[in-house]
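Below you'll find the structure, written out as structure tokens, and then a few comments.
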Amino acid sequence: MAGAAHCSLQAKRLLLDPKFEGYKLSLEPLACYQLGLDAAVAEVQLRDDQYTLDHMRAFGMYNYLHLDSWYQDNVYYVDQFGRVMNLSVTLDTALQKPREVFRLPTDLTACDNRLCASMHFSSSTWVTLSDGTGRLYLIKSGKRGSSVSEKWEIVFNEELGSPFIIAHSVSFVKSDAHSLAVLLLRVEKDELDTKGSGFHVTLEWATIAERKEGDHTYEIIKRRFLQGKSVPHYAAVEPSGDGLMIVSHKPFTFIQSESDKLEENDDAEVPNEKKDPLYYWQQTEDDLTITVYLPQDITKEDIKIHFSPDNICLTLKDQPPLIEGKLYSSVDHESCTWIIREDKSLEISLIKKNEGSQWPEVIVGDTRGEFIMDSSQCSKIAESLMHLTSEVMNPNPEKENPPCNAQELEECDAFLEDGTSLCRFDGDTLKVTHVINLGSNQYLFSVVVNPREMPCFCLRHDVDALLWQPHSDQPENMWEHIATFNALGYVQASKQDKKFMACAPDYSYAALCECLRRVFIYRQPTPLATVLYNRKEGRQVGQVAKQLVATLEASDPILGFQATSERLFVLTAKTLFLIKVNSGN
């Protein structure tokens, strides 16, 4: 990740509530509606050879219910007959049966190593769909959610190798041609990995474009592959199709195809060997010495050095400047000198204007020099850091602020994936441009707030859960803190059986479900209609945040979970439940 900008997430203080008092369990009834499905959901069980944690995360915990963020309260799933079924809700008391909008052409049961069917809504009229056998469909759907305007039509389909699931897709126009970028996720056997799980995760970033404007025929114009050792928590293509953002426990890197490697080898004229430094430098509190080893044919007359208070320029013969640029700090340029040593080295002495200051570099941004530290400087640095270290674990246990004791942490605070990072990849250079070390900011879930923007991701910050909106077109504000769910980071950690988490696109509530039956809803704090006092502190409480619990009448495991501003959708193998959380405006 050399050359990547190391960034940090800046939380908005106004969105944090340090006085949050916790959730109050509310017994208010929740309206719950259920629809029996004509055919069971096309659930695919993990095979015996899919035994790793990555297989469980990618396929075992797959969300079989797909929310169409472009249209309100519009959900889809695929049943065991390969039918894409839709439920569009306008009135809870007048629910229609899920209707078929598309049927996969392939026989799903014929493929032994298939994965679950997956889909993603690229725009208001385009859908990407996979049957789980390795075939990708690009579908023009018309305006969805209405039986009048919705008509799914295949405009592209192609076999793309081993089975995959669709992680994300976007629709955009580039060079006057309509294009779609799609992310495909695979967990593949890794014969070279003898010490790990024996598998690696591959993300394929494919771009499909219209052949000619108005032609309505599409082809794949670019396929790029990233490889990592963990299933990404979050992976999304930027709306413009120019970049990619990934949140993962272990890093991802682009891998080249054989044709790319051959092209690169043809272009590479100079082997990628480590070059010797152009110059060496040392410093004291008063001055700084630069040593340059000269070619044999250089004489004193060939050397020209110009000193100024903030700049230096070294030229040999009539060649371009060998060393030139702005100095890290000011020098007394009239006292600066240079000599040629017996070993044909040029020694330049710079006298610091600010005595005692340590320079991290000679010329701003110049990495061609190597700093040489003498033994006395090493000793001074070691001595200055001595007070931070000790031979014993706790040298002064009686002091006022004792060190943190990890044993005092509660079990639900333990979070092992401290290597998690957020990386932004450039689509042209295929290199990481931005990286954020998330440390202990545990990834919780993602949600689409605005379908024209990238999906938001929710991270745990201390006890809270903070929602972040990526802005790929705003370099100064690339990740914006847009909402906070108070204490949700702490609360969710205690739910041992949780399977899915979600929140409303208007941030009015967050919700999580367990593997079986139970759904927990956490509302944002709201003003009280009646007077309530805190007994311990004897003061009036102005607002309260409610926790609600719903228990579904189902014995089957929960397979899908989606939240909208008004309701929760919960999918089991044979039933679709609707929980009314907020009343419509």
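The values are calculated or read from the model by the stated rules, or taken from the named source; none is laboratory data. All values derive from a computational prediction rather than experimental measurement. All Cβ positions, even for glycine, are placed from backbone atoms using ideal geometry, and neighbour counts span all protein chains on display. Please note that ligands, DNA and RNA were not included when accessible areas were found on the heavy atoms of the full protein model with its side chains. Shrake-Rupley method; radii C 1.70, N 1.55, O 1.52, S 1.80 Å.
List of remarks:
- Backbone HN-Hα couplings from phi across the range 569-579 [Karplus 6.51/-1.76/1.60, Hz, Gly and Pro as x]: 10, 10, 10, 10, 4, 10, 9, 10, 9, 10, 10
- Unit charges at the beta carbon, dipole of the chain: most positive-side option, PHE164, ALA58, ALA511: ALA511
- Charge dipole magnitude, Cβ of K and R +1, D and E -1 - the range 279-367, Cα centre, debye nearest 20: 140 debye
- Here the range 157-178 and the range 66-95 have alpha carbon centers that stand 23 Å from each other.
- Highest average first, the peptides 41-53, 18-30, 502-514 ordered by how many other beta carbon atoms sit within 10 Å of their residues are 502-514, 41-53, 18-30.
- Between helix 258-267 and the chain there is an angle of about 20 degrees, using the helix long axis and the longest principal axis of the Cα atoms.
- Amide H contacts of PHE156: LEU138, each under 5 Å away and 5 or more positions distant or on a separate chain (H built 1.01 Å from N in the peptide plane; Pro and chain starts excluded).
- Using the average count of surrounding beta-carbon atoms within 10 Å as a protection proxy, the listed peptides 461-471, 85-95 rank, highest first, as 461-471, 85-95.
- Cross-link pairs beyond the 27 Å C-alpha cut-off, checked among LYS275/LYS304; LYS97/LYS143; LYS151/LYS580: LYS151/LYS580
- Think of each Lys and Arg Cβ as +1 and each Asp and Glu Cβ as -1; about the Cα centre, that makes the dipole of the chain roughly 2880 debye.
- Per-atom-type breakdown for the chain gives carbon and sulfur 49% of the accessible area (1.4 Å probe, protein chains only).
- Axis of helix 375-384 versus longest Cα principal axis of the chain: the two differ by about 40°, to the nearest ten degrees.
- Other residues within the sphere of radius under 11 Å centred on the Cβ of ILE339, judged by their own Cβ, net out at 0 (K and R +1, D and E -1).
- Accessible area (Å², per residue) of the range 279-367, counting only protein heavy atoms and a probe of 1.4 Å: 58 Å²
- Normalised contact order of the chain, rounded percent, pairs of Cα under 8 Å and 6 or more residues apart: 13 percent
- Scanning residues 5 or more positions from THR564 or on other chains, those with amide H under 5 Å from its amide H are PHE569, with H placed 1.01 Å from N in the peptide plane.
- Most to least packed among 195-205, 179-189 [average Cβ atoms within 10 Å]: 179-189, 195-205
- Among the trypsin sites (Lys or Arg not before Pro) within the range 93-146, those in coil by DSSP and having at most 13 neighbouring Cβ atoms inside 10 Å are LYS143.
- Here the contact order of the range 279-367, divided by its residue count and restricted to Cα pairs under 8 Å and six or more residues apart, works out to 32 percent.
- Lys/Arg +1, Asp/Glu -1 at C-beta; the chain dipole; positive extreme among PHE307, CYS456, VAL237: CYS456
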